[in-house]
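The values are calculated or read from the model by the stated rules, or taken from the named source; none is laboratory data. Model, not experiment: these values are computed from the prediction. No Cβ is skipped: glycine too gets one built from the backbone with ideal geometry, and neighbour counts run over all protein chains shown.
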Amino acid sequence: MGSIAQTVESILGAAQVTPWESVAEPWLRAVRSAIASETQPECIAFPTTPAEMAAVVACAHQNRWRILPCGHGSKLAWGNRVTGADLVISTQHLNQVIEHAAGDLTVTAQAGVSFANLQAQLLATRQFLAIDPAYPDAATLGGMVATRDTGALRQRYGGIRDLLIGISFVRHDGKIAKAGGRVVKNVAGYDLMKLMTGSFGTLGILTQLTLRTYPQSETSQTVLLTGQAQAIQSATAAILTSSLTPVAMDVVSTHLLPSSPAETLGLALQFQSIAAGVAEQVERLQAIAQAHQLQTQIFTDTADAQFWQGLGDTLFAPSNDAVAIAKLGILPAQAVPLLNFLEQTLAADSWKARIHASSGIGTLRLNAAANSVQALQTVRSHCQAAQGYLNLLTAPTEWRTSLDAWGLAPATKLLMQRLRQNFDPTHQFSPGRMG
């Protein structure tokens, strides 16, 4: 056992520290995929309280140890790989629900609370978190905020930063900082919630969050429209300017719809409300589909939830060096043209994608063996030319060494460097993650 592991063990106790030589799968694979160098951390620490977390970070700051923060490690490989880490700190044991204020529609929980477990607890009061993350069974609240992982429900409820109303986090020097509060109308202080959202563990380690919840609806149904790209484009525009209120609305590629013929696209919409309201909206949507000569398929009961879970499971299926996954951003009106561009640029039957219709944010999964890093760069250039972006989440090792994960403009890089200098001047958190 190295000196770092021994020092951390003296703070936390032996039961909360795993020396690197004792680390087993899946942690071993997750940590290795996140570090670019051949060096390895000395241990993984599992604090059980914010005070323990702060003590470990303060010790790391004094000794200038590089820290790789994480939750369960399900998204640890996303973004640029860190240049090196002496210590991995997991929030996995910070897993307490502090308060569920059902009447105020808020929940306060520690960062390591599992998304799936919290949803199950909220179900008892017929409430839920309006988030549809990747890897829902493994995702933690802190990891979802750190990676800005919202999913299809942003159509109705907004991004995860719109749901976050209070945070606590450990700074680079081991001090605990707080922002926001436990009520929706709290507006005191700087808006650190938005700054920490999508920070990928580079500005601090989240320890506690307060999120707004929503009441569960009586009925949920999904309608899938399929047809030619131009018809999907026209129908999408008509729906977005109508009074229909889907909670999710995604444009999906043919390859995500195995029963659909080639050269078609899909438009999936989910409606949730009282039964009569859902029935009325589905009927009006079918009229729009008929006017645009689109086929319709309706999913109810368990098939409704399974449809959306299937999209996420397919796009975020366990990856390896033969797979690349990217987050796309485009103007909403350019969603269908982008899917057409992907069809022309990438190898046939080698990719799958969906784009949220109202935000233009989406996910692309492609077979790296059938494509090239230059093809992905072409897609990024296309997105940037249309005022969008492409962030590389995971990819083969050779792709990640030749293509920066973020592709940021120089002015944006400078802004982020200044933020990093203020929040973590010694670059002790996830060094190199943001480039």
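Quick grid of which residues meet (1) under 22 Å from Ala77 (Cβ atoms); (2) more than 21 Å from the chain's Cα centre (by Cα); (3) in the same structural domain as Leu240 (by TED's automatic domain parsing):
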position	(1), (2), (3)
His356	no, no, no
Leu366	yes, no, no
Ala375	yes, yes, no
Arg400	yes, no, no
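Go through region 52-86 residue by residue and tally those that are touching a residue at least 12 places away in the same chain (Cβ under 8 Å), outside any strand (DSSP E or B) and more than 16 Å from the chain's Cα centre (by Cα). First the steps, then the outcome.
At the first step, the residues of region 52-86 found to be touching a residue at least 12 places away in the same chain (Cβ under 8 Å) are 52-61, 63-86.
Pick out the ones that are also outside any strand (DSSP E or B) and you get 52-61, 63-66, 71-81, 83-86.
Still in the list and also more than 16 Å from the chain's Cα centre (by Cα): 52-61, 63-66, 81, 83-86.
Number satisfying all stated conditions: 19.
Keeping to region 326-363, report how many residues are among the small types (Gly, Ala, Ser) and out of contact with any His (no Cβ under 9 Å at 6 or more places or on another chain). Break it down stepwise before answering.
Going residue by residue through region 326-363, those that are among the small types (Gly, Ala, Ser) are 326, 329, 333, 335, 347-348, 350, 353, 357-360, 362.
Remaining after also requiring out of contact with any His (no Cβ under 9 Å at 6 or more places or on another chain): 326, 329, 333, 347-348, 357-360.
The total comes to 9.
Taking region 78-123 as the search range and keeping residues that are among the aliphatic types (A, V, I, L, M) and out of contact with any strand residue (DSSP E or B) (no Cβ under 8 Å at 6 or more places or on another chain), which one is surrounded by the most Cβ atoms within 10 Å (Cβ to Cβ)?
So in region 78-123, the residues among the aliphatic types (A, V, I, L, M) come out as 82, 85, 87-89, 94, 97-98, 101-102, 105, 107, 109, 111, 113, 116, 118, 120, 122-123.
After this cut, where a residue has to be out of contact with any strand residue (DSSP E or B) (no Cβ under 8 Å at 6 or more places or on another chain) as well, the list is 116, 120, 123.
Numbers: Ala116: 14, Ala120: 11, Leu123: 11.
Restricting to residues being among the aliphatic types (A, V, I, L, M) and out of contact with any strand residue (DSSP E or B) (no Cβ under 8 Å at 6 or more places or on another chain), the top hit is Ala116.
Here is a yes/no grid of residues against (1) modelled with pLDDT of 95 or more; (2) closer than 30 Å to Pro215 by Cα; (3) not polar (S, T, N, Q):
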| position | (1), (2), (3) |
| --- | --- |
| Gly266 | yes, yes, yes |
| Ala289 | yes, yes, yes |
| Thr296 | yes, yes, no |
| Asn320 | no, no, no |
| Leu339 | yes, no, yes |
| Asp349 | no, no, yes |
| Arg365 | yes, no, yes |
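Between a residue in region 371-383 that is in contact (Cβ under 8 Å) with a residue 12 or more places away in the chain and surrounded by 14 or more Cβ atoms within 10 Å (Cβ to Cβ) and any residue that is assigned to a helix (DSSP H, G or I) and of a type outside the set (Ser, Thr, Tyr), which pairs come within a Cβ distance under 6 Å, given they are 6 or more apart or on different chains?
Close Cβ pairs satisfying both conditions: Val373/Trp399; His382/Phe341.
Any residue in region 140-150 that is among the β-branched types (Val, Ile, Thr), within 17 Å of the chain's Cα centre (by Cα), over 30 Å from Gly360 (Cβ atoms) and at pLDDT 95 or above? Write out each step before concluding.
Taking region 140-150 and keeping what is among the β-branched types (Val, Ile, Thr), we get 140, 145, 147, 150.
After this cut, where a residue has to be within 17 Å of the chain's Cα centre (by Cα) as well, the list is 140, 145, 147, 150.
Then keep just the ones that are over 30 Å from Gly360 (Cβ atoms); that gives none.
No, there is no match, as no residue in region 140-150 is among the β-branched types (Val, Ile, Thr), within 17 Å of the chain's Cα centre (by Cα), over 30 Å from Gly360 (Cβ atoms) and at pLDDT 95 or above.
Based on what the data block shows, is Gln344 over 17 Å from the mean Cα position of the chain (by Cα), surrounded by 19 or more Cβ atoms within 10 Å (Cβ to Cβ) and either free of Cβ contacts under 8 Å to residues at least 40 places away in the same chain or in a loop (DSSP other than H, G, I, E, B) (or both)? Walk me through it before giving the result.
Details: over 17 Å from the mean Cα position of the chain (by Cα): yes; surrounded by 19 or more Cβ atoms within 10 Å (Cβ to Cβ): no; either free of Cβ contacts under 8 Å to residues at least 40 places away in the same chain or in a loop (DSSP other than H, G, I, E, B) (or both): yes.
Here the answer is no, as Gln344 does not meet what is asked.
So, Ser381, is that one of a type in the set (Ser, Thr, Tyr), over 30 Å from Val170 (Cα atoms) and touching a helix residue (DSSP H, G or I) at 6+ places or on another chain (Cβ under 6 Å) or not? Lay out the reasoning, then the answer.
Details: of a type in the set (Ser, Thr, Tyr): yes; over 30 Å from Val170 (Cα atoms): yes; touching a helix residue (DSSP H, G or I) at 6+ places or on another chain (Cβ under 6 Å): no.
No; evaluated as a whole, the condition is false for this residue.
Take region 293-327 and flag every residue that is crowded, with 18+ Cβ neighbours inside 10 Å, within 23 Å of Thr264 (Cα to Cα) and either free of Cβ contacts under 8 Å to residues at least 12 places away in the same chain or under 20 Å from the mean Cα position of the chain (by Cα) (or both). Steps first, please.
First, the residues of region 293-327 that are crowded, with 18+ Cβ neighbours inside 10 Å: 294, 299, 304, 308, 311-312, 315-316, 324-327.
Imposing the further condition that a residue be within 23 Å of Thr264 (Cα to Cα) reduces the set to 294, 299, 304, 308, 311-312, 315-316, 325-327.
Of everything in region 293-327, those that are crowded, with 18+ Cβ neighbours inside 10 Å, within 23 Å of Thr264 (Cα to Cα) and either free of Cβ contacts under 8 Å to residues at least 12 places away in the same chain or under 20 Å from the mean Cα position of the chain (by Cα) (or both) turn out to be Trp308, Leu311, Gly312, Leu315, Phe316, Ile325, Ala326, Lys327.
Restricting to helices (runs of 4 or more DSSP H) lying wholly in region 91-181: which have 1 or more residues that are of a type in the set (Phe, Trp, Tyr) and touching a helix residue (DSSP H, G or I) at 6+ places or on another chain (Cβ under 7 Å)? Spell out how you get there, then give the answer.
Details: elements: 115-123, 141-146, 154-157, 160-163.
Once the helices (runs of 4 or more DSSP H) in region 91-181 are filtered for at least 1 residues that are of a type in the set (Phe, Trp, Tyr) and touching a helix residue (DSSP H, G or I) at 6+ places or on another chain (Cβ under 7 Å), what remains is 115-123, 154-157.
Report yes if Thr264 is more than 30 Å from Ala405 (Cβ to Cβ) and either aliphatic (A, V, I, L, M) or outside the structural domain of Leu364 (by TED's automatic domain parsing) (or both), otherwise no. Give the steps one after another, and end with the answer.
On the way: more than 30 Å from Ala405 (Cβ to Cβ): yes; either aliphatic (A, V, I, L, M) or outside the structural domain of Leu364 (by TED's automatic domain parsing) (or both): yes.
Against the criterion (more than 30 Å from Ala405 (Cβ to Cβ) and either aliphatic (A, V, I, L, M) or outside the structural domain of Leu364 (by TED's automatic domain parsing) (or both)), Thr264 qualifies.
Return yes or no: is Gln119 free of Cβ contacts under 8 Å to residues at least 60 places away in the same chain and out of contact with any Ser or Thr (no Cβ under 8 Å at 6 or more places or on another chain)? Before you say what the answer is, go through the steps one by one.
On the way: free of Cβ contacts under 8 Å to residues at least 60 places away in the same chain: yes; out of contact with any Ser or Thr (no Cβ under 8 Å at 6 or more places or on another chain): yes.
Criteria met by Gln119.
For the condition in contact with a Lys or Arg (Cβ under 9 Å, 6 or more places away or on another chain) and under 30 Å from Ile239 (Cα atoms), what is the one hit in Phe423, Phe341, Phe316, Phe429?
On the way: Phe423 fails: under 30 Å from Ile239 (Cα atoms); Phe341 fails: in contact with a Lys or Arg (Cβ under 9 Å, 6 or more places away or on another chain); Phe429 fails: under 30 Å from Ile239 (Cα atoms).
None of the other options fit; the residue is Phe316.
Could you tell me how many of the residues in region 35-76 are of a type in the set (A, V, I, L, M) and surrounded by fewer than 24 Cβ atoms within 10 Å (Cβ to Cβ)?
Just the residues of region 35-76 that are of a type in the set (A, V, I, L, M), to begin with: 35-36, 44-45, 51, 53-58, 60, 67-68, 76.
The next check asks that each one be surrounded by fewer than 24 Cβ atoms within 10 Å (Cβ to Cβ); those that pass are 35-36, 51, 54-55, 58.
Residues flagged as of a type in the set (A, V, I, L, M) and surrounded by fewer than 24 Cβ atoms within 10 Å (Cβ to Cβ) within region 35-76 amount to 6.
Among Glu42, Glu38, which is the only one that is farther than 24 Å from Thr147 by Cα, of a type in the set (Asp, Glu) and modelled with pLDDT of 95 or more? Even if it seems obvious, please write down each step before you answer.
Values: Glu38 fails: modelled with pLDDT of 95 or more.
None of the others qualify; the one that does is Glu42.
Among what's in region 1-26 and is part of a helix (DSSP H, G or I) and of a type in the set (Val, Ile, Thr), pick the residue that is surrounded by the fewest Cβ atoms within 10 Å (Cβ to Cβ).
Ile11
Looking at (1) at pLDDT below 95; (2) surrounded by 20 or more Cβ atoms within 10 Å (Cβ to Cβ); (3) over 17 Å from His356 (Cα atoms), which is the one condition that is false for Leu256?
Tallying (1) at pLDDT below 95; (2) surrounded by 20 or more Cβ atoms within 10 Å (Cβ to Cβ); (3) over 17 Å from His356 (Cα atoms), Leu256 fails exactly one: (3).
In region 125-177, which residue that is of a type in the set (Lys, Arg) and free of Cβ contacts under 8 Å to residues at least 60 places away in the same chain is surrounded by the fewest Cβ atoms within 10 Å (Cβ to Cβ)? Even if it seems obvious, please write down each step before you answer.
So the first thing to find is which residues in region 125-177 are of a type in the set (Lys, Arg), and the list is 126, 148, 154, 156, 161, 171, 175.
Now restrict to residues that are free of Cβ contacts under 8 Å to residues at least 60 places away in the same chain: 148, 161.
On the way: Arg148: 18, Arg161: 16.
Across region 125-177, the extreme among qualifying residues is Arg161.
Do we find a residue being on the phi > 0 side of the Ramachandran plot and out of contact with any Asp or Glu (no Cβ under 9 Å at 6 or more places or on another chain) anywhere in region 204-218?
Looking only at region 204-218, we keep the residues that are on the phi > 0 side of the Ramachandran plot, and these are 204.
Right, trim to out of contact with any Asp or Glu (no Cβ under 9 Å at 6 or more places or on another chain) and you get none.
The answer is no, given that none of the residues of region 204-218 is on the phi > 0 side of the Ramachandran plot and out of contact with any Asp or Glu (no Cβ under 9 Å at 6 or more places or on another chain).
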